[in-house]
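Data block below; observations after.
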Amino acid sequence: MNKKLKVGILGGTGFVGQRLVTLLENHPFFEIVTIAASKNSAGKTYHEAVKNRWKLNLPIPENIKNIKVKDIYEIDTIKNEVDFVFCAVNMPKNEIRVLEEQYAKAEIPVISNNSAHRSTKDVPVVIPEINHEHLKLINSQRKRLGTKKGFIVAKPNCSIQSYVPAINALMEFKPKKILVCTYQAISGSGKIFSDWPEINDNVIPFISGEEDKSEQEPLKVWGHIENGEIINAKDPIITSQCIRVPVSDGHLAAVFVSFENKPSKDDIIKSWKNYISKPQTLNLPNAPKQFLTYFEETDRPQPKLDRDIEKGMGITLGRLRDDSLFDYKFVCLSHNTLRGAAGGSVLTAELLKTEGYLR
Ligand SMILES: NC(=O)c1ccc[n+]([C@@H]2O[C@H](COP(=O)([O-])OP(=O)(O)OC[C@H]3O[C@@H](n4cnc5c(N)ncnc54)[C@H](OP(=O)(O)O)[C@@H]3O)[C@@H](O)[C@H]2O)c1
């Protein structure tokens, strides 16, 4: 019989943690056995810890309501309960960096939603449809950490998860310059409207650290491995502005792009429609059947209408047009807490299991 892997969620009481909890209910490969969070939640049942701050429209899964929340630093206990952990804590970066390494060194693989290790040269930053071959870095990372099983894999920032897939499908035409403006939902900062009344009727033209991540992280995703480390790609050059808008879920991006070998519009749309990758060929449980969907309608994609396509794991695109400064412009959308966070990490875990890195 195929036994399910036992999973812990660090930060399981937060927004991304709640998404993870619902995505893993009845998962064919994984079962949640441990949830850990801060000292404030430790000792309470999961239901007690989240009942006044459950942020999803879905119910709290019955089978985890009575799990007693642990402190994330109970590593000696947790390491005997789980096969691997998802990490979705919201803490200072230096503390998360240490925490995730402590788990990896205790032989517990970590799939991280945090930015703490995204620039560590031997930590793969993975979008499974784009750079699954970067998982090979795990072997050199294990050597550095002195582990047999433990490692850290990170998921990139939610802001890049619409335009990087869209551009990746066009790599044969050698994209050289990208300008992107993102319009990011409030769940990206762990909030719903009742937490943040000032966002109603408003737009906030600043998200701390987001532009740097939006410009740099794609270059790691598009990088190559040399001597057990990632060498970031040198191009395309990316410039960005990231803006918070009064939308619950779904990050939209307005993209301008120029190529070395300019494709036709038909070439672009064909490349988007035909894009398939390893998660699709392996038929992983959370892989979207159609990764990129192009709308001919002039007013799509829209967060409210389109963020849930393919259970929130698909990317939607529209409004491909010629541009006067760049070759083309278009708009794209991804669900930030599904594709951009919890769903992306669950898909990464499915790939890791199928490829033999999680046992
Ligand atoms: N929201 C998104 O769309 C999104 C997308 C991509 C990545 N991320 C990243 O994912 C992480 C979590 O984001 P979120 O939006 O889910 O945050 P959140 O709702 O604020 O949840 C934070 C979690 O971290 C725990 N925590 C906070 N301080 C802690 C401490 N000192 N010790 C132990 N646990 C602590 C909280 O536990 P208590 O409940 O006990 O306080 C809670 O479980 C962040 O790094 C964020 O940048 C978020």
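The values are calculated or read from the model by the stated rules, or taken from the named source; none is laboratory data. Remember, it's a predicted structure, so these values are computed and weren't measured experimentally. Note that each Cβ is placed from the backbone with ideal geometry, even for glycine, and that neighbours are counted across all protein chains shown. Areas reflect the complete protein model, heavy atoms only, side chains present, ligands, DNA and RNA absent. Shrake-Rupley method; radii C 1.70, N 1.55, O 1.52, S 1.80 Å.
Laid out as a table, the results:
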{"quantity": "Answer from 89, 85 - the residue that is assigned to a loop (DSSP other than H, G, I, E, B), β-branched (Val, Ile, Thr) and in contact (Cβ under 8 Å) with a residue 60 or more places away in the chain", "calculated": "89"}
{"quantity": "Those residues of region 78-99 which are more than 13 Å from the ligand (Cβ to nearest atom) and open to solvent by less than 20 Å² (accessible area, probe 1.4 Å), in sequence order", "calculated": "82, 84"}
{"quantity": "Residue within region 183-194 that is open to solvent by less than 40 Å² (accessible area, probe 1.4 Å), among the aliphatic types (A, V, I, L, M) and closer than 23 Å to residue 308 by Cβ present", "calculated": "yes"}
{"quantity": "Test for residue 293: is it touching a Gly at 6+ places or on another chain (Cβ under 7 Å), at pLDDT 95 or above and part of a strand (DSSP E or B)", "calculated": "yes"}
{"quantity": "Pick from region 9-45, criterion in a loop (DSSP other than H, G, I, E, B) and open to solvent by less than 30 Å² (accessible area, probe 1.4 Å), ranking: farthest from residue 346 (Cα to Cα)", "calculated": "41"}
{"quantity": "Considering residues of region 111-160 that are under 19 Å from residue 83 (Cα atoms) and small (Gly, Ala, Ser) only, the residue farthest from the ligand (Cβ to nearest atom)", "calculated": "146"}
{"quantity": "In region 302-359, the residues that are away from the ligand (no atom under 15 Å from the Cβ), in a helix (DSSP H, G or I) and among the charged types (D, E, K, R)", "calculated": "304, 306, 310, 311, 350, 353"}
{"quantity": "Some residue of region 3-14 being among the polar types (S, T, N, Q) and away from the ligand (no atom under 11 Å from the Cβ)", "calculated": "no"}
{"quantity": "Failed criterion for residue 269 (all others in (1) more than 16 Å from the ligand (Cβ to nearest atom); (2) under 20 Å from the mean Cα position of the chain (by Cα); (3) farther than 26 Å from residue 93 by Cβ; (4) open to solvent by less than 70 Å² (accessible area, probe 1.4 Å) hold)", "calculated": "(2)"}
{"quantity": "Any pair with Cβ under 8 angstrom, 6 or more apart, that starts in region 63-82 at a residue that is over 23 Å from residue 97 (Cβ atoms) and ends at one that is in a loop (DSSP other than H, G, I, E, B) and more than 14 Å from the ligand (Cβ to nearest atom)", "calculated": "63/25; 64/25"}
